[in-house]
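*Asks:* I have a structure I would like to understand better, so I am pasting it below and will then ask my questions one at a time.
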Amino acid sequence: DGGITQSPKYLFRKEGQNVTLSCEQNLNHDAMYWYRQDPGQGLRLIYYSQIVNDFQKGDIAEGYSVSREKKESFPLTVTSAQKNPTAFYLCASSSGMRETQYFGPGTRLLVL
Amino acid sequence: QKEVEQNSGPLSVPEGAIASLNCTYSDRGSQSFFWYRQYSGKSPELIMFIYSNGDKEDGRFTAQLNKASQYVSLLIRDSQPSDSATYLCAVIPVDGGYNKLIFGAGTRLAVHP
């Protein structure tokens, strides 16, 4: 059963702490993406990766980091430099950069 | 600045009516257009995509694209309460190689019995 999984579903971050959100896909997609969604707003692109070992900053990359060591995995780290991290984080993948994107279930990050 | 604009709503329609959701975009060269549905607290799911001018139908859903006027719309026939959700319009602009999805903020649809 192909799809995109994200974990955890909820994540709590303390001040000054780095946290990592997991995203895994078994769709054999080359491209993967991370978006942030704030209440009542659209999705904003944080980082994207077109192929393994390559990734690019999106529109709001400051305070975030990613890696793409395997085709299936694209973890996102929210660093302590991100001062307003509370949001709904969505991972997506597509077969190519101009193809349809499919989303994982999301991770809701809250600050303690 | 590449933009995708949607009326935030809520758009309220009675059960069985046609719901019409509209979206305008700024990049005239855009070629790929998507509609996603997002239930409260859930992730977006793809409803339809459209690439060519005109209409594209899939069950109760019809996407309409007018590139000259730079708008794309989604019609939902025989609206059901289960259609109540936020509908996101997304566009891939073609401008200097920027080939990533740009999302609108979404239109909230409420279908009442």
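The values are calculated or read from the model by the stated rules, or taken from the named source; none is laboratory data. Computed from a predicted model, the values in this text were never measured in an experiment. Note that we place each Cβ from the backbone using ideal geometry, even for glycine, and neighbour counts take in every protein chain shown. Each accessible area value is taken on the protein alone, full model and side chains, heavy atoms only, with ligands, DNA and RNA left out. Shrake-Rupley method; radii C 1.70, N 1.55, O 1.52, S 1.80 Å.
*Asks:* I need a count of the residues in region B:71-87 that are more than 11 Å from B:LEU21 (Cα to Cα) and either of a type in the set (Gly, Ala, Ser) or buried (at least 16 other Cβ atoms within 10 Å of the Cβ) (or both).
*Replies:* So the answer is 5.
*Asks:* Out of all the residues in region A:39-59, which are among the β-branched types (Val, Ile, Thr) and modelled with pLDDT of 95 or more?
*Replies:* Selection gives A:ILE46 alone.
*Asks:* If you don't mind, another one. Out of everything in region A:28-72 that is under 19 Å from A:ASN18 (Cα atoms), among the hydroxyl-bearing types (Ser, Thr, Tyr) and touching a strand residue (DSSP E or B) at 6+ places or on another chain (Cβ under 6 Å), what residue ends up being farthest from the other protein chains (Cβ to nearest Cβ)?
*Replies:* A:SER65
*Asks:* I've got another one for you. Taking the conditions exactly as written (surrounded by fewer than 15 Cβ atoms within 10 Å (Cβ to Cβ), more than 20 Å from A:ILE46 (Cα to Cα), at pLDDT below 95 and away from every other protein chain (no Cβ under 14 Å)), does B:ALA17 satisfy them or not?
*Replies:* So B:ALA17 fails the test.
*Asks:* Something else about it: Which members of region A:12-57 meet the condition of being under 30 Å from B:GLY9 (Cβ atoms), in a strand (DSSP E or B), open to solvent by 20 Å² or more (accessible area, probe 1.4 Å) and of a type outside the set (Phe, Trp, Tyr)?
*Replies:* A:GLN37, A:ARG44
*Asks:* Next up: Just to be sure I understand, how many residues within region A:85-109 are acidic (Asp, Glu) and either more than 10 Å from chain B (Cβ to nearest Cβ) or in a strand (DSSP E or B) (or both)?
*Replies:* So the answer is 0.
Yes or no, residue by residue, for (1) more than 12 Å from A:ARG36 (Cα to Cα); (2) of a type in the set (S, T, N, Q):
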site: A:ALA61; (1), (2): no, no
site: A:THR79; (1), (2): yes, yes
site: A:GLN82; (1), (2): yes, yes
site: A:PRO85; (1), (2): no, no
site: A:GLU99; (1), (2): yes, no
site: A:GLY104; (1), (2): yes, no
site: A:LEU110; (1), (2): yes, no
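*Asks:* OK, next. Conditions: (1) open to solvent by less than 60 Å² (accessible area, probe 1.4 Å); (2) under 23 Å from B:LYS42 (Cα atoms); (3) part of a strand (DSSP E or B). A:SER65 meets all but one. Number of the miss?
*Replies:* Evaluating A:SER65 over (1) open to solvent by less than 60 Å² (accessible area, probe 1.4 Å); (2) under 23 Å from B:LYS42 (Cα atoms); (3) part of a strand (DSSP E or B) leaves (2) as the failure.
*Asks:* Quick one: which of B:THR107, B:THR62 is more than 25 Å from A:GLN6 (Cα to Cα) and in contact (Cβ under 8 Å) with a residue 40 or more places away in the chain?
*Replies:* Exactly one residue qualifies, and that residue is B:THR107.
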